[in-house]
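The values are calculated or read from the model by the stated rules, or taken from the named source; none is laboratory data. Note that the structure is a prediction, hence the values are computed from the model and not measured. No Cβ is skipped: glycine too gets one built from the backbone with ideal geometry, and neighbour counts run over all protein chains shown.
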Amino acid sequence: MAAPLVTLLTDFGTADGYAGALKGVLLSICPEARIVDLTHEVPPGDVRAGAFALACAARTFPPATIHIAVVDPGVGTERRGLLVEAAGAAFVGPDNGLLSLAARAPRRIRSLDRPQWFRHPVSRTFHGRDVFAPVAARLANGTPAHELGTEVREMMEICPEAPRRSADGSLEGEVMHVDRFGNLITNVSEHDLAALLDRSGATAGSVDERLAVEIAGRTAFLLPTYGAAPGGSLLALIGSAGLLEVAVNGGAAHATLGASVGTRVRVHREVG
Amino acid sequence: MAAPLVTLLTDFGTADGYAGALKGVLLSICPEARIVDLTHEVPPGDVRAGAFALACAARTFPPATIHIAVVDPGVGTERRGLLVEAAGAAFVGPDNGLLSLAARAPRRIRSLDRPQWFRHPVSRTFHGRDVFAPVAARLANGTPAHELGTEVREMMEICPEAPRRSADGSLEGEVMHVDRFGNLITNVSEHDLAALLDRSGATAGSVDERLAVEIAGRTAFLLPTYGAAPGGSLLALIGSAGLLEVAVNGGAAHATLGASVGTRVRVHREVG
Amino acid sequence: MAAPLVTLLTDFGTADGYAGALKGVLLSICPEARIVDLTHEVPPGDVRAGAFALACAARTFPPATIHIAVVDPGVGTERRGLLVEAAGAAFVGPDNGLLSLAARAPRRIRSLDRPQWFRHPVSRTFHGRDVFAPVAARLANGTPAHELGTEVREMMEICPEAPRRSADGSLEGEVMHVDRFGNLITNVSEHDLAALLDRSGATAGSVDERLAVEIAGRTAFLLPTYGAAPGGSLLALIGSAGLLEVAVNGGAAHATLGASVGTRVRVHREVG
């Protein structure tokens with residue numbers, strides 16, 4: 001059997017030694033664990049950005065991967081810890097929505113309510129080290145999930161709002177995430193765009209020429225890739241997560257447009 | 001026998017390829033080494049911050065882990081390189097205090113005075129690649145420590161000043177470290193606080209209600225966790241390293257207070 | 001046989017999950033791959049900085065290492081993907097010069113023109129995940145390089161300009177890279193310096209005393225190491241890549257001098 005894969009996603013940064021402490025605890029309990037850093041650079045306390053990054057990365061991993069995610073501003077309060085099994089993988093972290101985009105239903109949710117699996121004394125400010133890493137390491141060691149927590153029915157969800165269809169047939173959405181390159185990733189999926197075109201009688205093959213995205217008083221046209229627009233100019237495209245993205249070729253759209261998470265977009269067929 | 005674990009802590013960042021070069025040297029000499037990044041983001045040249053992070057992370061690792069630490073503004077001068085064995089682990093790095101918080105006595109200290117173990121030619125600006133990584137890799141390969149360097153009696157120490165007891169019974173300490181979240185970690189330990197309470201006749205069970213921390217003209221009260229304070233307000237707590245910490249729930253205490261490393265704190269029982 | 005080593009160098013940062021997605025794809029196709037992060041912090045789109053860092057790190061790795069490098073502003077355009085074998089290692093990435101400093105001739109260059117090895121559907125914005133990682137993983141699994149792409153004769157080169165010899169015998173070069181510490185790394189090699197001294201009749205042993213570097217209106221003298229200059233003062237030295245470097249002991253030369261990539265340097269023997 002291959003050594004268990006355990007990924008880490010946190011907002012700890014690395015400079016303080018907190019991320020290192022997580023790794024040490026994991027390896028002390030499960031010496032053969034293969035640790036893979038997803039990131040420790042989620043903006044501090046930004047549960048939504050962490051959830052988005054986790055969903056983006058986790059879907060590419062092999063079955064049976066264990067993902068530990070810790071963006072946890074409510075650490076030490078009544079919020080629960082969770083172990084969620086979904087899509088053949090396991091997710092361990094706080095019940096604050098962080099796991100909800102990656103670990104979608106159908107899934108099995110367990111509350112981490114059994115202190116015998118924790119590291120003691122349990123710090124009230126560092127459940128990553130004292131709760132989530134130890135539980136994940138036990139799972140990696142082969143302890144069955146049902147021994148690690150009690151099954152529960154619900155968990156906190158982050159539900160990115162679905163784009164809405166307007167009376168004139170256009171789609172109204174918003175920016176969900178700004179990435180490192182300043183690209184604006186929206187909640188409009190390629191399926192939403194296909195539906196918009198179907199309804200207007202266009203064919204899939206002509207998608208590229210026909211769609212315009214209004215954002216921050218500007219219009220971006222859908223192109224196949226960054227380099228299809230002149231250097232420095234605005235464009236829209238289907239990004240690597242299958243979502244509509246607004247970008248500037250060789251630049252940073254969030255700066256060009258003064259846009260950020262929550263900025264509205266309107267997508268419509270360009271007439272004429 | 002499990003593959004040897006080798007951790008890395010540096011101030012190199014990663015973008016220049018220096019951290020990558022360390023890893024290549026390690027794997028060239030000891031191909032089965034399992035490399036674990038603690039951090040490469042220690043502030044450049046900040047030996048004290050590196051020492052703090054190393055101590056925080058190293059204590060969680062399994063026995064026989066080898067820790068390489070390189071924050072080394074004096075590289076190429078007469079400062080020695082060290083291999084220190086302590087608490088079942090080995091620490092390799094410059095003799096400038098960086099190892100001293102993690103590798104506490106009892107310990108065995110060796111000076112890296114045997115060029116046959118180095119990578120040649122030895123750059124005068126990059127002992128991480130040419131001295132510390134090669135020596136650590138030899139240790140990982142099973143070369144006995146006594147062949148790698150000559151035992152010496154002393155090493156440079158960073159001694160965080162102990163908090164002082166004032167005539168009125170209060171404790172005077174200072175901020176030792178500011179973490180990524182802006183939390184102010186002091187040199188006052190939970191044991192210091194317990195002693196303060198014992199002396200005043202309080203019981204351990206009532207610790208939470210009774211202690212006040214004066215810092216930068218403000219007062220923070222000891223609470224069990226960040227979320228026990230209203231959002232945006234100041235609090236004190238026992239952090240994950242067992243040290244008194246001043247924080248702002250959902251904010252950054254260093255910014256709120258204008259505090260930094262060296263800022264004084266005074267801890268006392270709140271009367272009335 | 002040891003598990004295959006695969007390194008990663010990108011400009012993705014880590015916070016968006018893109019770097020994590022690369023790792024997941026790699027491990028899904030080649031579960032035993034040992035992934036080593038070189039960096040994900042190349043400045044966005046800075047092909048030259050990425051090429052420099054890759055060359056610095058890759059040379060230290062053991063034979064048969066596979067290096068994936070993705071700094072790819074032209075993703076989705078006609079630029080090719082490459083698999084280059086050089087110096088016993090393999091390099092996978094875009095044909096934009098990124099690989100050219102590390103994978104020097106003699107080398108075998110292949111164009112990644114065989115979609116059967118890609119991850120489908122291939123995103124037009126994320127060839128790291130859908131082209132380079134899958135091809136590298138197949139190589140790690142033992143698929144012969146000649147099955148992965150068609151051999152071609154040329155690839156894009158970044159040719160750092162060689163320093164020029166002036167009529168007065170001095171060398172004219174320029175800053176190629178500014179590192180994290182603000183050190184200015186030039187295109188003047190230690191061999192160039194040795195030649196400069198030979199020609200003027202000096203001996204290798206007297207190199208340290210004799211060379212002056214003019215930069216930004218200031219003069220830096222060649223010293224053996226940072227600490228050989230007084231704190232805060234300017235110096236020149238041979239850096240860890242064997243290149244002339246201008247530095248400030250305990251400071252940041254790029255800030256002190258207002259210098260950056262492209263700033264000219266003139267090196268000459270100091271007379272008198």
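Got at least one residue in the stretch B:255-267 being at pLDDT 95 or above, away from every other protein chain (no Cβ under 14 Å) and either assigned to a helix (DSSP H, G or I) or in contact with a Phe, Trp or Tyr (Cβ under 8 Å, 6 or more places away or on another chain) (or both)? Yes, the conditions are met somewhere in the stretch B:255-267. From the list B:Ala102, B:Ala145, B:Ala133, the lone residue that is at pLDDT 95 or above and under 13 Å from B:Val25 (Cβ atoms) is B:Ala133. Comparison of C:Ala51, C:Ala58, C:Ala21, C:Ala33 shows that the only residue that is crowded, with 18+ Cβ neighbours inside 10 Å and in contact with a His (Cβ under 6 Å, 6 or more places away or on another chain) is C:Ala58.
When each of B:Glu41, B:Glu78 is tested for being out of contact with any Cys (no Cβ under 8 Å at 6 or more places or on another chain) and farther than 29 Å from A:Asp130 by Cβ, the lone residue that passes is B:Glu78. Across the stretch A:122-134, the qualifying residues are those that are outside any helix (DSSP H, G or I) and in contact with an Asp or Glu (Cβ under 8 Å, 6 or more places away or on another chain), and the one among them that is surrounded by the fewest Cβ atoms within 10 Å (Cβ to Cβ) is A:Val122. The residues of the stretch B:67-80 that are modelled with pLDDT of 95 or more and surrounded by fewer than 23 Cβ atoms within 10 Å (Cβ to Cβ) amount to a single one, B:Arg80.
Select from the stretch C:8-43 the residues that are in a strand (DSSP E or B) and β-branched (Val, Ile, Thr) and write down the one among them that is farthest from the other protein chains (Cβ to nearest Cβ). The residue in question is C:Thr10.
When the residues of the stretch B:106-121 are filtered to those that are surrounded by fewer than 21 Cβ atoms within 10 Å (Cβ to Cβ) and hydrophobic (A, V, I, L, M, F, W, C), the one that is farthest from B:Val70 (Cα to Cα) is B:Trp117. The set of residues in the stretch C:99-115 being of a type in the set (A, V, I, L, M, F, W, C) and not in a strand (DSSP E or B) consists of C:Leu99, C:Leu101, C:Ala102, C:Ala103, C:Ala105, C:Leu112. Of all positions in the stretch B:191-201, none carries a residue that is modelled with pLDDT of 90 or more, under 30 Å from A:Gly20 (Cα atoms) and part of a loop (DSSP other than H, G, I, E, B). The residues listed here are A:Glu214, A:Glu190, A:Glu172; of these, the one that is under 19 Å from A:Arg264 (Cα atoms), within 14 Å of chain C (Cβ to nearest Cβ) and touching a residue at least 40 places away in the same chain (Cβ under 8 Å) is A:Glu190. A:Gly169 fulfils the conditions (1) loosely packed, with under 13 Cβ neighbours inside 10 Å; (2) in contact with a Leu (Cβ under 8 Å, 6 or more places away or on another chain); (3) not in a loop (DSSP other than H, G, I, E, B) except for a single criterion, (3).
Would you call A:Leu5 within 14 Å of chain B (Cβ to nearest Cβ) and either aliphatic (A, V, I, L, M) or surrounded by fewer than 22 Cβ atoms within 10 Å (Cβ to Cβ) (or both)? Yes; evaluated as a whole, the condition is true for this residue. For residues that are farther than 19 Å from C:Pro73 by Cα and of a type in the set (Val, Ile, Thr), scanning just the stretch A:205-254, find the one that is surrounded by the fewest Cβ atoms within 10 Å (Cβ to Cβ). Restricting to residues being farther than 19 Å from C:Pro73 by Cα and of a type in the set (Val, Ile, Thr), the top hit is A:Thr219. The set of residues in the stretch C:202-239 being at pLDDT 85 or above and β-branched (Val, Ile, Thr) consists of C:Val213, C:Ile215, C:Thr219, C:Thr225, C:Ile238. Of all the numbered requirements in (1) in contact with a Lys or Arg (Cβ under 8 Å, 6 or more places away or on another chain); (2) of a type in the set (S, T, N, Q); (3) within 27 Å of B:Ile238 (Cα to Cα), A:Gln116 misses one, and that requirement is (1).
Show me the strands (runs of 3 or more DSSP E) entirely contained within the stretch B:44-98 in which 1 or more residues are within 12 Å of another protein chain (Cβ to nearest Cβ) and within 19 Å of B:Ile109 (Cβ to Cβ). Filter on the stretch B:44-98 gives B:66-70, B:89-94. Can we say B:Ala103 is more than 14 Å from chain C (Cβ to nearest Cβ), within 26 Å of the chain's Cα centre (by Cα) and among the aliphatic types (A, V, I, L, M)? Yes.
Yes/no per residue for (1) among the polar types (S, T, N, Q); (2) in contact (Cβ under 8 Å) with a residue 60 or more places away in the chain:
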| site | (1), (2) |
| --- | --- |
| B:Leu82 | no, yes |
| B:Phe91 | no, no |
| B:Gly97 | no, yes |
| B:Phe118 | no, no |
| B:Thr125 | yes, no |
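Residues that are within 23 Å of the chain's Cα centre (by Cα) and among the basic types (Lys, Arg) were ranked within the stretch B:120-164; the one that is farthest from the other protein chains (Cβ to nearest Cβ) is B:Arg164.
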